[in-house]
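Worksheet: one structure, shown below.
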Amino acid sequence: MKFSIIKISFVVLTAIVSLSACKSKKGIGTPLPTATQGKAGEAKNDYSLLFNNIKQQENNYNFLACKGECEYNDGKNTYNFDIQLEMEKGKFIFIRATYLLGIEVAKMYITPTQIQILNHLEKTNTVASYNYLKKFSSANLQFENLENLILGNALFNQTLGTTLIDSNATQYILKTLVEGASQQCFYGKNKVAKLEANQLQDAVKNQNFEVKYNQYTANGTNYYPSELAINIRAEKNLGCLMKLFNFAYEKKKDPQIRVPASYKTITY
């Protein structure tokens, strides 16, 4: 099994997204409720109500932990591995990837200031700034944007006046210019204002980053993504399908990365 964890690590990170409230069965999602006729009709005439609904439906958290399954495709080969995720609001995102028989292949520890990737296959310790993510999207992605992606929120802020609104038969399409890219967010017309897909496009560099939220799981009044598909067209075409389960909401201890003395440190 020769594949680079460094190359797929961002795909793994972006795909770790589902936040069910209790220990749920794999692959089971909750349909989004249908919006009331009043709200749907009003949104057509006054888009400020649509923006308000989207804002009200944004997911939040203090601490999350879960397990997941990932199917990753690099354009040539497909790999399957398991993932453990822990994240604390505004502080860290921690990911542990394992292969057959629970063999650990990589860890990732992301903070608001840097990204660290411990790769056991290549015996390397990569420490990178957020410029590292330019490999996958020209957008100026930071820690808060990655949190939003995991929560199923729009990566970048959308406001009436700076965001253009288009539509098709079933969806509202909100278009926002951000640094380095154009963001397009898709919301169902007949559903609560939850994100169905998010795209970051850069026509100059021919880069496209897309996340589709295929299923949601209810947690009280919140609906968190329980299955998502990520497709990236950048330096390489990458794809990843994620399913997450067994969520917990209380932190037991802070995660740690211990770097063996024999590993090579790489900085970006």
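Bear in mind these aren't lab numbers, they're just calculated from the coordinates by the rules spelled out. These numbers come from a predicted model, not from an experiment. As a convention, Cβ positions derive from the backbone with ideal geometry for all residues, glycine included, and neighbour counts pool all protein chains shown.
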Based on alpha-carbon centroids, what's the gap between the stretch 217-259 and the stretch 91-106 in Å, whole number please? 12 Å
The FRET efficiency for Ile173 and Arg258, from their Cβ-Cβ distance with R0 = 30 Å and rounded to 0.05, is 0.05
State the Kirkwood hydrodynamic radius of the stretch 108-206 in Å, one decimal place, computed from all pairs of distinct Cα atoms. 15.2 Å
Let's test this: bin the Cα-Cα distances of the stretch 146-268 at 5 Å from zero up to the farthest pair and state each bin's percent. 2, 9, 15, 18, 17, 14, 11, 7, 4, 2, 1, 0
For the stretch 39-174, what is Rg from Cα atoms divided by 2.2 N^0.38 Å, rounded to two decimals? 1.32
Which of Lys55/Lys194; Lys91/Lys252; Lys205/Lys243; Lys89/Lys253; Lys236/Lys264 have a Cα-Cα distance over 19 Å? Lys205/Lys243; Lys236/Lys264
Go ahead and run the numbers for FRET between Lys123 and Thr30, Cβ-Cβ distance against an R0 of 51 Å, rounding to 0.05. 0.75
Report the gain in length on full extension from Ala248 to Thr111: 0.36 nm times residue separation, minus Cα-Cα distance, nm rounded to one decimal. 47.3 nm
Against the globular-protein guess of 2.2 N^0.38 Å, express the Cα radius of gyration of the stretch 216-268 as a ratio, rounded to two decimals. 1.78
Relative packing of peptides 55-62, 105-112, 246-253 - highest average C-beta neighbours within 10 Å first: 105-112, 55-62, 246-253
